[in-house]
Amino acid sequence: MADGVAPTKPAAAGPEPGSAAPSDGTPVPTVIVDGLHVVYRIYGAGTGHGNATAALRRLLLRQGSPNVQTVHAVKGVSFTAYRGEAIGIIGSNGSGKTTLLKAIAGLLPPERGKVYTDGQPSLLGVNAALMNDLTGATNVILGGLAMGMTREEVRERYQGIVDFSGINEKDDFISLPMRTYSSGMAARLRFSIAAAKNHDVLLIDEALATGDRAFQKRSEARIRELRKEAGTVFLVSHNNNSIRDTCDRVIWLERGELLMDGPTDEVVAAYEEHTNK
Ligand SMILES: Nc1ncnc2c1ncn2[C@@H]1O[C@H](COP(=O)(O)OP(=O)(O)OP(=O)(O)O)[C@@H](O)[C@H]1O
């Protein structure tokens with residue numbers, strides 16, 4: 001894990017994320033975001049070309065602290081997500097959506113506030129690392145193992161993953177190195193590997209936007225299944241139709257702040273009115 005701060009469980013009394021579903025139908029919280037602030041620090045900002053080297057030299061030569069620019073990307077965001085929900089995260093460019101997902105995944109430490117999660121969430125981004133020099137087939141196996149599947153599970157699900165991705169529809173692309181794939185094909189394979197497993201909390205960053213319409217339909221259907229299988233899905237997307245088809249709740253971020261959190265139709269309508277102004 002990059003910056004290595006694992007989400008923790010709350011010490012407070014009350015229902016813990018992921019605790020067994022009460023028989024009375026009370027919603028079970030899976031993610032609690034409590035007053036979250038995330039700040040990026042850019043070292044050596046404003047020192048021109050070779051910023052990092054210049055900053056390091058100044059530190060080593062004791063020429064004072066390097067210029068540090070901060071970006072306050074998420075500002076005081078709070079919400080609780082429940083088992084079985086699919087939550088869309090929308091907002092204009094740079095509003096903090098990806099940062100929020102990374103913080104929920106435990107990849108960015110909070111400046112202030114806390115993130116409590118049910119187990120380790122899985123973050124599926126279009127940039128998630130698969131090995132470019134290895135074939136698609138090897139990436140399916142390694143990706144499955146990396147997600148915690150057993151060898152047996154990988155063997156059982158291998159063909160399903162390849163079929164879902166549609167990579168082999170025309171040619172035998174699955175036996176070629178990933179560097180020969182278009183970015184859309186690579187994104188489809190990533191989504192297919194991640195979606196083969198049931199996740200307690202699955203975080204998807206724009207993955208659906210990259211596939212063709214047929215792949216998007218399969219993905220949306222799979223997200224609905226994942227929800228039924230009791231997980232919680234977060235979907236960051238600029239495609240309001242994908243959000244409408246997939247999510248029943250939407251969180252709207254703007255300049256790092258939570259502007260609105262509610263039923264999909266209401267929040268997307270308000271967002272569209274705002275963006276069409
Ligand atoms: N690694 C980073 N270092 C410094 N600033 C960053 C970094 N990543 C993002 N930011 C800044 O944080 C803010 C939020 O970025 P983020 O990527 O979370 O927004 P977003 O809503 O996902 O944007 P988009 O819709 O364009 O993908 C932006 O101002 C961005 O410039």
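The peptide list 133-143, 196-206, put in order of mean Cβ contacts within 10 Å with the highest first, becomes 196-206, 133-143. What the Cβ-Cβ distance of Q69 and M131 gives, at R0 = 35 Å and to the nearest 0.05, is a FRET efficiency of 0.55. P(r) tail for the range 140-254: Cα pairs beyond 21 Å make up 37% of the total. With both labels modelled 7 Å from their Cα along Cα-to-Cβ, the R179 to T275 distance reads 3.6 nm. Per-residue extension of 0.36 nm, minus the Cα-Cα distance of D261 and E229, leaves a gain of 9.1 nm for this segment. Give the shape of the range 98-205 as rounded, prolate or oblate, defined through the alpha-carbon gyration tensor: a ≥ b ≥ c are the square roots of its eigenvalues, a/c under 1.5 means rounded, and otherwise the shape is prolate if a/b is larger than b/c and oblate if not. Prolate, since a/c reaches 1.5 and a/b exceeds b/c. Remark: spin-label model distance N93-K217 equals 3.2 nm, labels positioned 7 Å along the Cα→Cβ axis.
Any read-out appearing in this document is the output of simple, stated calculations on the displayed coordinates, not a laboratory observation. Everything quoted here is computed from the prediction, not taken from an experiment. Backbone-built Cβ (ideal geometry, glycine too); neighbour counts: all protein chains shown.
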